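Q: Just dropping this structure here.
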Amino acid sequence: MAYSFFIDGIQLPVAPSSLEMKINNQNKTITLINEGEVNLLKHAGLTDISLEVLLPNVKYPFAVYPDGFQPATFYLEKLEKLKISKKPFQFIVTRLKPIGDLLFDTNIKVSLEDYSIEEDAENGFDITVPITLKQYREYGTKVIQVKKAKSAKAKPVATAVKKRATTKTPPKSHKVVKGDTLWAICKKYLGDGSKYPEIAKKNNIKNPNLIFPGQVIKF
């Protein structure tokens, strides 16, 4: 089975040596009179993800370079930007059969909680980077505007202003250029990168991670 790992649309050259996903819960145990201990089930908590990746400074035959060889500094700069940007991004793990068919994938929006850079003489010029991610959930807010009444005795009135929905219509198709990923295309035109499996199916793309310059993607 082959693996492909993407962080914010960037494919890692080498699959992580370890990957752990912990789905936390928020259940609460209480003790009732005459009933004993019971478990109050609640919505699942945020998922914690930890992985350790090798960032090579030498071009290896077992590594994957979709846009050509990039040194470790290229990926370290991406991680630094994700850390300081205070913005969530997409983490994707694709598992493939040896013949290239998709088994299943993990597609989750996360935040970069922590990462470190480790150097070891046994790894030569290569760098090992342990990374900790946490699931990010979207949440909505409303803007409250307080309007003063004309009468001095009248109380201020609070009104909720709803944000206008976008009326922009996405194009019917996109011609792939070098560096494009299906997730990034869906994010750009549909506003949601997680829709890439749906678009891949619509375009008869067996492996969503294999698109080529000049290919036309229909929405």
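Q: Counting only residues that are β-branched (Val, Ile, Thr) and farther than 12 Å from LEU210 by Cα, which one in the range 90-103 is modelled with the lowest pLDDT? Lay out the reasoning, then the answer.
A: Taking the range 90-103 and keeping what is β-branched (Val, Ile, Thr), we get 92-94, 99.
Then drop every residue that is not farther than 12 Å from LEU210 by Cα, which leaves 92-93, 99.
On the way: ILE92: 89, VAL93: 88, ILE99: 73.
Among those residues, the one meeting the criterion is ILE99.
Q: Next question, about the same structure. Step by step: first the residues of the range 189-219, then only those that are in a loop (DSSP other than H, G, I, E, B) and within 18 Å of the chain's Cα centre (by Cα), then the one that is farthest from PRO98 (Cα to Cα). Which residue is that? Steps first, please.
A: So in the range 189-219, the residues in a loop (DSSP other than H, G, I, E, B) come out as 191-192, 203-215, 219.
After this cut, where a residue has to be within 18 Å of the chain's Cα centre (by Cα) as well, the list is 191-192, 208-209.
Values: GLY191: 32, ASP192: 29, PRO208: 15, ASN209: 15 Å.
This residue is GLY191.
Q: Going residue by residue through the range 56-67, is there one that turns out to be within 16 Å of ILE10 (Cα to Cα), in contact with a strand residue (DSSP E or B) (Cβ under 7 Å, 6 or more places away or on another chain) and either at pLDDT below 90 or not hydrophobic (A, V, I, L, M, F, W, C) (or both)?
A: So in the range 56-67, the residues within 16 Å of ILE10 (Cα to Cα) come out as 56, 63-67.
Keeping just the survivors that are in contact with a strand residue (DSSP E or B) (Cβ under 7 Å, 6 or more places away or on another chain) gives 64, 66.
Right, trim to either at pLDDT below 90 or not hydrophobic (A, V, I, L, M, F, W, C) (or both) and you get 64, 66.
Yes, some residue in the range 56-67 is within 16 Å of ILE10 (Cα to Cα), in contact with a strand residue (DSSP E or B) (Cβ under 7 Å, 6 or more places away or on another chain) and either at pLDDT below 90 or not hydrophobic (A, V, I, L, M, F, W, C) (or both).
Q: Take the conditions surrounded by 11 or more Cβ atoms within 10 Å (Cβ to Cβ), farther than 30 Å from ILE205 by Cβ, in contact with a Gly (Cβ under 7 Å, 6 or more places away or on another chain) and not charged (D, E, K, R) and apply them to GLN26. Does it pass? It would help to see each step written out before you state the result.
A: Details: surrounded by 11 or more Cβ atoms within 10 Å (Cβ to Cβ): yes; farther than 30 Å from ILE205 by Cβ: yes; in contact with a Gly (Cβ under 7 Å, 6 or more places away or on another chain): yes; not charged (D, E, K, R): yes.
Against the criterion (surrounded by 11 or more Cβ atoms within 10 Å (Cβ to Cβ), farther than 30 Å from ILE205 by Cβ, in contact with a Gly (Cβ under 7 Å, 6 or more places away or on another chain) and not charged (D, E, K, R)), GLN26 qualifies.
Q: Can we say ALA72 is at pLDDT below 90, surrounded by 10 or more Cβ atoms within 10 Å (Cβ to Cβ) and of a type outside the set (Ser, Thr, Tyr)? Break it down stepwise before answering.
A: Numbers: at pLDDT below 90: no; surrounded by 10 or more Cβ atoms within 10 Å (Cβ to Cβ): yes; of a type outside the set (Ser, Thr, Tyr): yes.
Against the criterion (at pLDDT below 90, surrounded by 10 or more Cβ atoms within 10 Å (Cβ to Cβ) and of a type outside the set (Ser, Thr, Tyr)), ALA72 does not qualify.
Q: Let me ask another. Residues of the range 204-217 being over 23 Å from TYR3 (Cβ atoms) and in contact with a strand residue (DSSP E or B) (Cβ under 8 Å, 6 or more places away or on another chain), which ones? Walk me through how you get there before you give the answer.
A: Filtering the range 204-217 down to residues over 23 Å from TYR3 (Cβ atoms) leaves 204, 213-217.
Selection gives GLY214, GLN215, VAL216, ILE217.
Q: With the structure loaded, tell me whether THR106 is more than 30 Å from PHE212 (Cβ to Cβ) and surrounded by 13 or more Cβ atoms within 10 Å (Cβ to Cβ) or whether it fails that test.
A: Working: more than 30 Å from PHE212 (Cβ to Cβ): no; surrounded by 13 or more Cβ atoms within 10 Å (Cβ to Cβ): yes.
It is false that THR106 is more than 30 Å from PHE212 (Cβ to Cβ) and surrounded by 13 or more Cβ atoms within 10 Å (Cβ to Cβ).
Q: In the range 33-63, what count of residues is obtained for those that are assigned to a loop (DSSP other than H, G, I, E, B), of a type in the set (S, T, N, Q) and either under 27 Å from the mean Cα position of the chain (by Cα) or on the phi < 0 side of the Ramachandran plot (or both)?
A: Summing the residues that are assigned to a loop (DSSP other than H, G, I, E, B), of a type in the set (S, T, N, Q) and either under 27 Å from the mean Cα position of the chain (by Cα) or on the phi < 0 side of the Ramachandran plot (or both) in the range 33-63 gives 1.
Q: Right, here's the next one. Only one residue in GLY193, GLY179 is at positive phi, small (Gly, Ala, Ser) and surrounded by 10 or more Cβ atoms within 10 Å (Cβ to Cβ). Which one? If you could, list the steps in order and put the result at the bottom.
A: Numbers: GLY193 fails: at positive phi.
Step by step, each of GLY193, GLY179 is checked, and only GLY179 is at positive phi, small (Gly, Ala, Ser) and surrounded by 10 or more Cβ atoms within 10 Å (Cβ to Cβ).
Q: Being under 18 Å from GLY9 (Cβ atoms), touching a Cys at 6+ places or on another chain (Cβ under 7 Å) and modelled with pLDDT under 85 is true for just one of GLY193, GLY179. Which residue is that?
A: Values: GLY179 fails: touching a Cys at 6+ places or on another chain (Cβ under 7 Å).
Of the residues listed, the single one that is under 18 Å from GLY9 (Cβ atoms), touching a Cys at 6+ places or on another chain (Cβ under 7 Å) and modelled with pLDDT under 85 is GLY193.
Q: Please work out if LYS81 is surrounded by fewer than 15 Cβ atoms within 10 Å (Cβ to Cβ), under 15 Å from the mean Cα position of the chain (by Cα) and within 15 Å of LYS134 (Cα to Cα). Walk me through how you get there before you give the answer.
A: Values: surrounded by fewer than 15 Cβ atoms within 10 Å (Cβ to Cβ): yes; under 15 Å from the mean Cα position of the chain (by Cα): yes; within 15 Å of LYS134 (Cα to Cα): no.
Considered against the rule, which asks whether it is surrounded by fewer than 15 Cβ atoms within 10 Å (Cβ to Cβ), under 15 Å from the mean Cα position of the chain (by Cα) and within 15 Å of LYS134 (Cα to Cα), LYS81 comes out as no.
Q: Same structure, new question: Can you tell me how many residues within the range 95-105 are in a strand (DSSP E or B) and either touching a Phe, Trp or Tyr at 6+ places or on another chain (Cβ under 6 Å) or farther than 12 Å from TYR196 by Cα (or both)?
A: Taking the range 95-105 and keeping what is in a strand (DSSP E or B), we get 95-96, 102-105.
Within this subset, residues satisfying the condition of being either touching a Phe, Trp or Tyr at 6+ places or on another chain (Cβ under 6 Å) or farther than 12 Å from TYR196 by Cα (or both) are 95-96, 102-104.
Of the residues in the range 95-105, 5 are in a strand (DSSP E or B) and either touching a Phe, Trp or Tyr at 6+ places or on another chain (Cβ under 6 Å) or farther than 12 Å from TYR196 by Cα (or both).
Q: OK, next. From the list LEU82, LEU112, exactly one residue is out of contact with any His (no Cβ under 6 Å at 6 or more places or on another chain), in contact (Cβ under 8 Å) with a residue 40 or more places away in the chain, not in a loop (DSSP other than H, G, I, E, B) and not polar (S, T, N, Q). Which is it?
A: It is LEU82.
The values are calculated or read from the model by the stated rules, or taken from the named source; none is laboratory data. These figures come from a predicted structure and were not determined experimentally. Cβ sites come from the backbone with ideal geometry, for glycine too, and all protein chains shown count toward neighbours.
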